[in-house]
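Below is one structure; the comments refer to it alone.
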Amino acid sequence: MNCKKIRNIEKHVCTCEQKIAYNFAFMYYDMGKKLFESCHTGIVKSDCFESIINLVLSSLQRKEFERYNKDSIIVAFRQGFETYCKNFFIGSNYEQIGKCFTIPYEIV
């Protein structure tokens, strides 16, 4: 996937898209925490999770995100959101963000 580089940070550590996914996870943390605590069946959890994904997708339509790879942001968000909600952390370094919000494809 074609991702943007963060200045002075190697792409294999973290990309702009992973950082944006983290920012959305931070924004929707309260909603996600309630979701993963209250939903006990996979289908209900999946439906609730899709509603959060739709909120992220609608936010990505704003002008400030047009230069970033939206698919990479969604992939990273999907990969890390549940883990983030269960193990809340303040992203104090890019390595921590990159490990949580992984992009399992080759980053170009």
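Derivation of every value follows stated rules applied to the coordinates shown; laboratory data play no part. Just so it is clear, the structure is predicted and the values come from calculations on it, not from any experiment. Methodologically, a virtual Cβ is constructed for each residue, glycine included, from the backbone with ideal geometry; neighbour enumeration extends over all protein chains shown.
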- prompt: Residues of segment 74-108 with amide nitrogen under 19 Å from the 7 Å Cα-to-Cβ point of L57?
  reply: 74-82
task: Counting only C-alpha contacts under 8 Å and six or more residues apart, can you give the relative contact order of segment 16-100 as a whole percent?
output: 51
- line: Among I53, I20, I97, the residue with the largest mean-square fluctuation in a Gaussian network model of the chain built from Cα contacts under 10 Å is I53
query: If one takes the longest principal axis of the Cα atoms in the chain, at what angle in degrees, from 0 to 90 and to the nearest 10, does the Cα axis of helix 70-86 lie?
result: 50
- prompt: Rounded, prolate or oblate: which one fits segment 16-100, using the alpha carbon gyration tensor with axes a ≥ b ≥ c (rounded when a/c is under 1.5, else prolate when a/b beats b/c, else oblate)?
  reply: oblate
- prompt: Length gain on complete extension for the stretch S46 to K99, per 0.36 nm per residue less the alpha carbon to alpha carbon distance?
  reply: 16.8 nm
- prompt: For V13 and T83, what does the FRET efficiency come to when R0 = 25 Å and r is the distance between their Cβ atoms, rounded to the nearest 0.05?
  reply: 0.90
field: aspartates and glutamates with Cα under 18 Å of K5, excluding same-chain neighbours fewer than 8 positions away
entry: E17, E64, E66, D71, E95, E106
message: Restricting to DSSP loop positions (anything but H, G, I, E, B) with no more than 15 other Cβ atoms inside 10 Å of their own Cβ, which chymotrypsin sites (Phe, Trp or Tyr not before Pro) remain in segment 25-108?
response: F88, F89, Y105
- request: Could you work out which residue, out of C39, C85, C48, moves most in a Gaussian network model of the chain, that is, has the largest mean-square fluctuation with Cα springs under 10 Å?
  value: C39
field: Approximate spin-label separation K4-D71, in nm, with each point projected 7 Å along Cα-to-Cβ
entry: 1.8
task: Within segment 43-108, list the trypsin sites (Lys or Arg not before Pro) lying in a DSSP loop whose Cβ has at most 14 other Cβ atoms in a 10 Å radius.
output: R62, R67
task: May I ask which of K19/K99; K11/K33; K4/K70; K19/K63 have a Cα-Cα span longer than 20 Å here?
output: K11/K33
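As an exercise, identify the GluC sites (Glu not before Pro) in segment 1-79 lying in DSSP coil whose Cβ has no more than 10 other Cβ atoms within 10 Å.
Here the GluC sites (Glu not before Pro) that fit, given the DSSP loop and packing criteria, are E66.
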